[in-house]
Amino acid sequence: MRIGSKLKNYLKNSSLNYSGKIFICVCLIICITINFLKVNSFGKDLDLKSKSAVLIDGNTGRILYGKNENEKMPMASTTKIMTCIVALESGKMNQIIKASSKAVSMPKVKMYAKKGEQYYLKDLLYAMMLESFNDAAMIVAEGIGGSQEEFAKMMNKKAKEIGAKNTNFVTPNGLDADNHYSTAYDMALIGAYATKNKQFNEITNTKSYSFTDVSAKRSITVNNKDMFLAMDNEAIGIKTGFTGKAGYCFVGAVKSNGRHFVSCVLACGWPPNKSYKWKDTTALMNHGKREYNEKKIIASGTKFQIEIPNGTKKKINVGVSEGYTTLISEDDNVKSETNFNYKLPIKKRDVVGNIIITINGKKTKKIMLYAFENVEKYDYRFVLKKIMKKFFLFYL
């Protein structure tokens, strides 16, 4: 029966006068309104301009706020985050790369490299990440992968390793192309991975950088276009982006009191609304800082006893080798479920089960349980073994 029907029957059969019945109705309406506001104030009142946005825990990848976060969309020059990571992990900073005719033909924004010019990989990465030069990104891709197509394969392989399952890279610079897409959540995951790389952070947090080509015939100075670094003193990047198809995009990150927040906004307005991405990012980060704090769900080395039916020991010590700490808000519902699955005999360090952590009904972590001691199965073989051992000891 609905609440309205129950209330109607109650008031009909109640001995309260008219004023009393009105008072009850008013109180009920107030309670419902308060509860409604409470529910909708949690992660639903940011009023973002972005068509797609997300805020994640950069340490665990858990979504703290989402708006169409799994919708496949173009992501413009935020693509260069992956280009930079692949280059850092597959190349050498002093590697020399020659600019091809294809690379120099890239549209602006560009550093206007000329065919045949040679540059160090390190310098190209600064040019690509600070000024978002499209020709620099292509020079990097061809130098590391041999071709744009082969480098794209490297990018997609890395994306899968990181967990970005709804992403496909075609270009190294993020220029609009068929089948070049990602999601806000995937780009945030990629951003979180990237900001754990020391060299990546050194590049993206540099305000200004100057370099020359290998022959020192041409000098170039690049300046960081990430205004979020100046807007939040805890910001650590990461990368802007814009194309006519993608709109304004930005992947941002902050480290605040041990917390690691990573955000992504896609299709966050078109000209002249260049500032929308900064406002949305600030709203996301402030939401994270205000609502979430680190909480230790289970400590590393946690140990307890479990009963072993049919074992040679009634109980044995088991525990976890890793702990789990994550960002939690007051509204989060955290539960743990312990499952045991083993066969006798059990040897020390054998897996005997797991602990499943769920937050708001969603599985977020699986922690393996290990035996801290040996135990055999108590059966006729064990008894016979014991008897035979005593027998031989007696006669020897």
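The values are calculated or read from the model by the stated rules, or taken from the named source; none is laboratory data. Keep in mind it's a predicted model, so treat the numbers as computed, not measured. Using ideal geometry, Cβ is built from the backbone for each residue, glycine included, and neighbour counts are taken over all protein chains shown. Surface areas here come from the heavy atoms of the whole protein model, side chains and all, with no ligands, DNA or RNA. Shrake-Rupley method; radii C 1.70, N 1.55, O 1.52, S 1.80 Å.
Starting from the amide H of Ser52, placed 1.01 Å from N in the peptide plane, find each other amide H under 5 Å away whose residue is 5 or more places distant or on another chain.
Placed amide hydrogens put Leu266 under 5 Å from Ser52.
Under a cut-off of 18 Å between alpha-carbon atoms, report the aspartates and glutamates in cross-link reach of Lys313, not counting same-chain residues fewer than 8 places apart.
List returned: Asp350, Glu373, Glu376, Asp379.
With r as the distance between the Cβ atoms of Lys102 and Thr212 and R0 = 22 Å, compute the FRET efficiency 1/(1 + (r/R0)^6) and round to 0.05.
FRET efficiency, Thr212 to Lys102: 0.45.
Lys153: which lysines have alpha carbons under 16 Å from its alpha carbon, excluding same-chain residues fewer than 8 sequence positions away?
Straight-distance partners of Lys153: Lys80, Lys165.
What is the extension gain from Asn360 to Asp178, computed as 0.36 nm multiplied by their sequence separation minus the C-alpha to C-alpha distance, in nm to one decimal?
Length difference between fully extended and current span is 61.8 nm.
Would you tally the net charge around Met129, using a Cβ to Cβ cut-off of less than 13 Å, leaving Met129 out, and scoring K and R as +1, D and E as -1?
The answer is +1.
Give the distance, in whole Å, between the Cα centre of the stretch 113-129 and the Cα centre of the stretch 239-253.
22
Can you pull out the trypsin sites (Lys or Arg not before Pro) in the stretch 210-279 that DSSP calls coil and that have at most 11 other Cβ atoms within 10 Å?
Here the trypsin sites (Lys or Arg not before Pro) that fit, given the DSSP loop and packing criteria, are Lys217.
How large, in percent, is the carbon and sulfur part of the accessible surface of the stretch 182-264 at a probe radius of 1.4 Å?
The computed percentage sits at 50.
Which entries in Lys207/Lys289; Lys160/Lys296; Lys122/Lys255; Lys115/Lys158; Lys158/Lys348; Lys157/Lys295 show an alpha-carbon gap greater than 27 Å?
Lys160/Lys296; Lys115/Lys158; Lys158/Lys348; Lys157/Lys295, as the Cα separations exceed 27 Å there.
Looking at the square roots a ≥ b ≥ c of the eigenvalues of the Cα gyration tensor of the stretch 128-229, which shape do they give, rounded for a/c under 1.5, prolate if a/b is larger than b/c, or oblate?
Oblate, since a/c reaches 1.5 and b/c is not below a/b.
Among rounded, prolate and oblate, which fits the stretch 295-360 when a ≥ b ≥ c are the square roots of the eigenvalues of its C-alpha gyration tensor, a/c under 1.5 means rounded, and a/b larger than b/c means prolate?
prolate
Using a 10 Å cut-off on Cβ atoms, rank the peptides 188-195, 108-115, 168-175, 135-142 from the highest mean neighbour count down.
Ranked by mean Cβ neighbours within 10 Å, highest first: 135-142, 188-195, 168-175, 108-115.
Rounded, prolate or oblate: pick one for the stretch 160-292, where a ≥ b ≥ c are the square roots of the eigenvalues of its C-alpha gyration tensor, a/c under 1.5 means rounded, and failing that, prolate if a/b is larger than b/c, else oblate.
rounded
Between the stretch 196-220 and the stretch 307-347, what is the separation of their alpha carbon centroids in Å?
Using only Cα atoms to place each centre, the spacing works out to 49 Å.
What is the calculated FRET efficiency for Asn293 to Glu373, with r their C-beta to C-beta distance and R₀ = 35 Å, to the nearest 0.05?
0.45
Can you tell me the order of 51-64, 154-167 when each peptide is scored by its average per-residue count of other Cβ atoms within 10 angstrom, highest first?
Packing order, densest peptide first, comes out as 51-64, 154-167.
Applying the Karplus parametrisation 6.51 cos²θ - 1.76 cosθ + 1.60 with θ = phi - 60° to the phi angles of the stretch 293-307, what ³J(HN,Hα) value in whole Hz is obtained for each residue in order, glycine and proline being reported as x?
9, 5, 9, 7, 7, 8, 7, 4, x, 4, 9, 8, 9, 10, 7
Please give me the summed charge of the neighbours of Lys274: other residues whose Cβ is under 14 Å from its Cβ, Lys and Arg +1, Asp and Glu -1.
Residues near Lys274 contribute +2 overall.
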